[in-house]
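What follows draws every value from the coordinates through simple rules; no lab data is involved. Values in this document were obtained by computation on a predicted structure and should not be read as measured data. Reconstructed Cβ throughout: ideal geometry from the backbone, glycine too, with neighbour counts over all protein chains shown.
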Amino acid sequence: MSVEASRLNAVRAEVRQWLAANIPPDWREQQAGDNIEGFLASQREWLRRLVSAGYATPHWPGQWSAGGGRPLAEQVAIFEEIARADAPRMMLYFVSLYHAAMTLVEYGTEEQKARHLPAILNGEIWCQGFSEPNAGSDLASLRTRAERRGDHYVVSGQKIWSTLGQFADWCILLVRTDASGPKQAGITFLLMDMKSKGVEVRPIRQITGDEEFAEMFLDEVEIPVANIVGEENQGWKVAQTTLGSERGLALVELTERMYGSLWRLVGLVTRNGEEADRLDDEVRRRIVDITTRIEGLRALIAKLMTNRIAGSEAVGDASIIKLGFARIQRDFTSLGLRLNGMAGQRFSQYTLGAGYETGNWMFDFMNSYQYNIAGGSNEIQRNIISERVLMMPREKQG
Amino acid sequence: MTDMQIDTEELRDSARRLLEKEVDRRARYAEPPREDGALYGKMAELGWMLLTTPAEQDGLGQSFVALAPIYQELGRALASVPFAGTMAAADVLACVAHASDLLARIGSGEAIFAVAEGDGLALNGSRASGTLADVLDGCKATHLLLLAEKLFVIDLSVAGVTVGDVTTWDRSRSLADIQLDNAPATILATGPDARAIVRAHLDLAIACDSLGGADQALTEAIAYMGTRQQFNRPIGSFQALKHRSADLKVALEIARAFTNDACEAFVERREGWASIAAQAKLLASETYHAITEESVQFHGGIGFTWEHDCHLFLKRALLNEMLGGTPEQYRDRIAPDILRRAFAGRA
C-alpha cells in the first residue's frame, strides 16, 4: 500500500471512530420538520462538535483553522465517512463554511478574513444572495442595483432562493454596479449584514411544506464600501470562486448518502433484504436497475475526484456528474414512493437536514426537484455538456 | 501474476491502430460477405492470446484489466473475431492440470473456443448429446467449452459433432447451432468458481465491447449533426438534439465507470464480483442500445439506409443485449444478491 493510501486509511479510521462516539443518536427526532428550534439547536451543537474535532474545516488553510490544510483526498474521505455513518448534514452552515469562507480566503481583505473566519467557526450563519426572480439560469442578468454614495453602497432589489436566509447573520451578495456594458462586466460582490436597515427576509414555503429557502427584499440598504470583495465590477469572477468552492464534495456526500440508503428501498419490500425471490419480478428488476445506476454514479464521482486531485479534470466533468446525480436521485425517490404504496400518500413528519434520504419518500421525491433545478438546472447542464464536452455547435444567441 | 504490468493505455492505442488498419466493418455486409480472415492471426502474433496466461505457463501474466481495452477497441471497430470465448476458456484452462498443451495452442492462435451453457444436454460419463442453439463464434471455434455442473471441453472436429451456421441480423458476429451426438467430452478438474468465472469474463467482455461501440456510435452521430445543414444551420445546434446527446453522454460515462470498476472487482475477486460483472453487462449493453437507437433517429433518412453505417452499431448493440440471456433473465438472476448487498449497506 502506498504512503498516501495508508495515510488515508488512518484518517478514515480516526473519523469513523470519532463519529461513532459523537453522532447524537436522536438527531433525526431533534431535527423533525415541525420543530425549528430543535433543528437550529441540533445544527449548532453538531457544528460545535465538528469544529472542535477539526472536521468542519479540512478545506480551510491551516492558519485559519487547526483542522485545516488537509489535501482534497482527505476532505473526500471525511465527507464519505460522515455520509456512511448517517450523521446529520451541516445544512445550516454549508454556505458559511464553503461559499462564504472560501471566497474570503481567496479574495477577502485581511480585515474581512479576521472578522469573519473565526466568527464562522463560532457559528456565524451566512446565506447567498445571488439568484433573482428574473435571473435564475441566466444569473449574470441580475438587476439588484448598487449606487455608491460616499463610503457606502446603497442597494435595492430582490433576491431569491437563499438557503435558510431567514436565519442568516450575513449574506454574500451580487449586485449590479454598471449596466452600460456586457452583463458580466458590471457585477460587484458585497458582504451584507443581514441586520442592516432595509433588509426584509421572507421564508419561501416549498412544495414539501418546508421552508428551506428565503427571498430577500432590499430597500435602500446601506453597505459600507469596505465590504466589497475584489474590485468593483469584478464580482462575476469572484462569484466563480464561490460557486466552485465545494469542489464536488457536496455531490460526494449526497451520492454516498443515496447509496447508503438503498437499504431503505429494499426494506420497503423485503424483510431485512431476505426473501427477495418472493417479490414481484418487476419490482426486483427496478431495484437492480436503480442500484446499478447509483453504483455507476458512485464510481464516476470517485474517478472525477481522483482526476481533480491529480489536476487532470476535463471540461464539463462536473456537469456530467451533476446531471447524472439529479436524474438518478429523482428516479430513486420516485421508485421509493411507488414501492411505499398508499402508506406513502399519508402525511407523516419528515426530518430536516438529512439530505434526500429521510425515509419519508413523498418528502424526498418532492425535495429531489431541488437538485434538478438549483445550481444550474438539468437543462443548463445539458447545454454545457453538449457544447463544451461533445463540442456541438452553439445555438444562435438570443 | 508478474511484476511487469503492461500499460493498458499503450495496449489500447496499439489495438486501435491495428484495428483501424485491419478491420473493414462493412465487409460482412457486402454481397457476397467478405471475411476478415487475417485479423485473428495478427492478434496472435502480437501476443494478445497470451496476455492473461500466467508467466510460469509461458504467458504474459496480465490480469483481465489488460484485456478490457482490447475488448473495447474490438467493439469500436465492429470486429468479427472469436476472442472473448477463447480468452474466457483460457482463464479456466490456466488453473487446470494437463491443459498446458491447449493453453499453448490458444496462445499461438490455433485453438479457438466457443462457450455454451450445457445444462440441457445429456451428459453420459465422457460423452455428450443434444443441441446447443445460438453459440457465439461456434462456426469459427475448434473447441467448445461446455458449462454444466462440471466444465467440459469438446473438440469440434471429431465425429459426433455437427456445426450449423446461423445467419444473424448482426453480421459482425457469427452464431452457430451445434448438434452433439455422443460426442467425446473431456471433463475439466476446475475449482468450484470456474463456471462463474467464465460467465463473468464473458459478461465483462460484452460490457467492454458495448462501451467501445457506444462511444464510437455517439462520436459519429455528433460529427454528423455538426455537418448536416437544415434551416441554414447545423442540426447539431438544435437544443432538441443536443439535450438528448448530453443525456446519452451521461449514461455512457456512468456505464464506463461502472464497467471499469467491475473489471477491477473481477480481478480482485471482490465480494459480489459475479453479480457485479452481470450488472456491468446489463448497464453497458442497454446503454449501447439506447445510444445506437437514438443515433439512427439523429441521422434521419440516411440513418435508415443499408448504405449508412448506423445500423451496423444498432444491430451489434441489440445482439449484445441478448447474449448470455435476456436483460430480464439477467436481472432475475442477480436480484437476490443485489438486494442482500443493498440491505447490508445499512448504516
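The modelled label-to-label distance for the pair A:ALA5/B:ALA159, using points 7 Å beyond Cα in the direction of Cβ, is 5.7 nm.
Calculate the FRET efficiency for B:THR131 and A:GLU379 from the Cβ-Cβ distance with a Förster distance of 41 Å, rounded to the nearest 0.05.
0.15
Which ordering of B:SER100, A:SER2, A:SER319 is given by a fewest-first count of other beta-carbon atoms within 10 Å? Walk me through the intermediate numbers first.
Working: B:SER100 14, A:SER2 7, A:SER319 23.
Ranking B:SER100, A:SER2, A:SER319 by Cβ neighbours within 10 Å, fewest first, gives A:SER2, B:SER100, A:SER319.
Averaged over the residues of B:273-281, the number of partner chain Cβ atoms lying within 10 Å of the residue Cβ comes to 2.
Projecting the Cα atoms of B:ASN124, B:PRO32, B:LEU51 onto the charge dipole of segment B:8-188 (Cβ charges, centred on the Cα centre) puts B:PRO32 farthest toward the positive pole.
Counting other beta carbons within 10 Å of each residue's own, what order do B:LYS242, A:LYS183 fall into, fewest first?
Details: B:LYS242 24, A:LYS183 17.
Ranked by crowding around the Cβ, least crowded first: A:LYS183, B:LYS242.
Relative contact order (percent) for chain B, with alpha-carbon contacts under 8 angstrom and 6 or more residues of separation?
Numbers: 580 pairs, mean separation 50.8, N = 347.
Once normalised by length, the contact order is 15 percent.
Tell me the Kirkwood hydrodynamic radius of segment A:24-173 in angstroms, computed as one over the mean inverse distance between distinct C-alpha pairs. Could you put the intermediate results ahead of the total?
Values: mean 1/r = 0.0586 Å⁻¹.
Radius from the Kirkwood sum: 17.1 Å.
With a cut-off of 17 Å on the backbone N, the residues of segment B:106-124 near the modelled label site 7 Å out from B:GLN179 along Cα-Cβ are B:121-122.
Other residues whose C-beta falls under 13 angstrom from the C-beta of B:ARG16 contribute a net charge of -3, scoring Lys and Arg +1 and Asp and Glu -1.
Rounding to the nearest 10 and keeping the result within 0 to 90°, find how far the Cα-based axis of helix A:36-53 lies from the longest principal axis of chain A. Rounded to the nearest ten degrees, it is 90.
With the charge dipole of the protein assembly as shown set up from +1 on Lys and Arg Cβ and -1 on Asp and Glu Cβ about the Cα centre, the Cα lying farthest toward the positive end among the listed residues A:THR333, A:PHE189, B:ALA284 is that of A:PHE189. About the centre of its Cα atoms, the protein assembly as shown shows a dipole size close to 1160 debye [charges on the beta carbon of Lys, Arg (+1) and Asp, Glu (-1) only; nearest 20 debye]. Ordered from longest to shortest, the equivalent ellipsoid semi-axes for chain B are 34, 23, 20 Å, each the square root of 5 times a Cα gyration tensor eigenvalue. Shielding by partners for peptide B:237-246, expressed as the average number of C-beta atoms from other protein chains within 10 Å of each residue's C-beta, is 6. Using the Stokes-Einstein relation with a Kirkwood hydrodynamic radius computed over Cα pairs, the translational diffusion coefficient of chain A at 25 °C and a viscosity of 0.890 mPa s comes to 109 µm²/s. Quickly estimate the mean residue ellipticity at 222 nm for chain A, helices only: each DSSP H run with n ≥ 4 gives -39500 (n - 2.57), and the total goes over all residues, rounded to 500. Taking each H run of at least 4 residues, the total per residue is -14000 deg cm²/dmol.
How crowded by other chains is A:283-291, given as the mean number of beta carbons from other chains within 10 Å of each beta carbon? Display every interim value, and only then the final one.
On the way: counts 1, 7, 8, 2, 5, 16, 7, 1, 8.
Taking the mean over all residues of the peptide, I get 6.
If you run the Gaussian network model on chain B, springs between alpha carbon atoms under 10 Å, then out of B:LEU121, B:LEU50, B:LEU146 the most flexible one is B:LEU121.
Once fully extended, how much extra length lies between B:ALA196 and B:GLU10, figured as 0.36 nm per residue of separation less the alpha-carbon to alpha-carbon distance? Intermediate values should be presented prior to the final figure.
Working: separation 186, 0.36 × 186 = 66.96 nm, distance 2.98 nm.
So the extension gain works out to 64.0 nm.
To the nearest 20 Debye, how big is the dipole of segment A:3-89 about its Cα centre, given +1 on the beta carbon of each Lys and Arg and -1 on that of each Asp and Glu? Write out the running numbers ahead of the final one.
Working: 10 positive and 11 negative charges, 53 e Å.
My answer is approximately 260 debye.
For chain A, what relative contact order do you get, as a whole percent, if you take Cα pairs closer than 8 Å and at least 6 residues apart? Display every interim value, and only then the final one.
Details: 609 pairs, mean separation 57.6, N = 398.
For chain A, the relative contact order is 14 percent.
For chain B, a simple Cβ point-charge model (Lys and Arg +1, Asp and Glu -1, everything else neutral) yields a dipole of about 800 debye relative to the Cα centre. Based on alpha carbons, the Rg and Dmax found for the protein assembly as shown are 29.5, 102 Å. Taking amide H atoms as placed 1.01 Å from N in the peptide plane, the amide H of B:ASP134 lies under 5 Å from those of B:ALA176, B:ASP177, B:ILE178, each 5 or more residues away in sequence or on another chain.
Let me have the relative contact order for segment B:194-344, percent, based on Cα pairs under 8 Å that are six or more residues apart. Mind dumping the intermediate values first?
Numbers: 157 pairs, mean separation 45.6, N = 151.
30 percent.
Taking amide H positions as modeled 1.01 Å from N, with prolines and chain starts lacking one, the residues under 5 Å from A:GLY129 and 5 or more places away or on another chain are A:ILE172, A:LEU173, A:LEU174. Placing R0 at 45 angstrom, the Cβ-Cβ distance between A:SER52 and B:ILE302 gives a FRET efficiency of 0.10 after rounding to 0.05. For the pair segment B:3-32 / segment A:356-376, the C-alpha centres are spaced 45 Å from each other. What FRET efficiency, computed as 1/(1 + (r/R0)^6) with R0 = 30 Å and r the Cβ-Cβ distance, is obtained for A:MET342 and A:GLU37, rounded to the nearest 0.05? Efficiency, from the Cβ-Cβ distance: 0.35. Based on alpha-carbon centroids, what's the gap between segment A:136-182 and segment A:277-341 in Å, whole number please? So the two Cα centres are separated by 36 Å. In plain terms, the residue of A:PHE347, A:PHE332 with the fewest other Cβ atoms within 10 Å comes first and the most crowded comes last, giving A:PHE347, A:PHE332.
Converting phi to 3J(HN,Hα) with the Karplus coefficients 6.51, -1.76 and 1.60 and the offset θ = phi - 60°, segment B:86-93 yields 5, 6, 5, 5, 4, 4, 7, 4 Hz in sequence order, with x at every glycine or proline.
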